[in-house]
Amino acid sequence: ETRADVDFVPGKGITEIRLAVNAAIPGIGEDDFQRIAEEAKKGCPVSQALASVPSITLQASLNG
């Protein structure tokens, strides 16, 4: 499950994007999950297109 909360300020545009990812992946550890989630954020074509946004944060939670 992935959610993106976006702040938009008229006259300035998008000022912040907060990504939240929740996943249940059997056999993966927290450190590997965080690394993979961060790599996915950096490699995402949408994130790359929005690179001018001052703040894009990621909260990744591994369930299970």
Please specify each residue of segment 24-55 satisfying the condition of being touching a Leu at 6+ places or on another chain (Cβ under 6 Å) and over 21 Å from residue 6 (Cα atoms). 30, 33
Among the residues of segment 53-63, are any in contact with a helix residue (DSSP H, G or I) (Cβ under 6 Å, 6 or more places away or on another chain) and either small (Gly, Ala, Ser) or modelled with pLDDT of 95 or more (or both)? yes
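The values are calculated or read from the model by the stated rules, or taken from the named source; none is laboratory data. Because the structure is predicted, anything quoted here is derived from the model rather than measured. Counting neighbours? That spans all protein chains shown, and the Cβs are built from the backbone with ideal geometry, glycine included.
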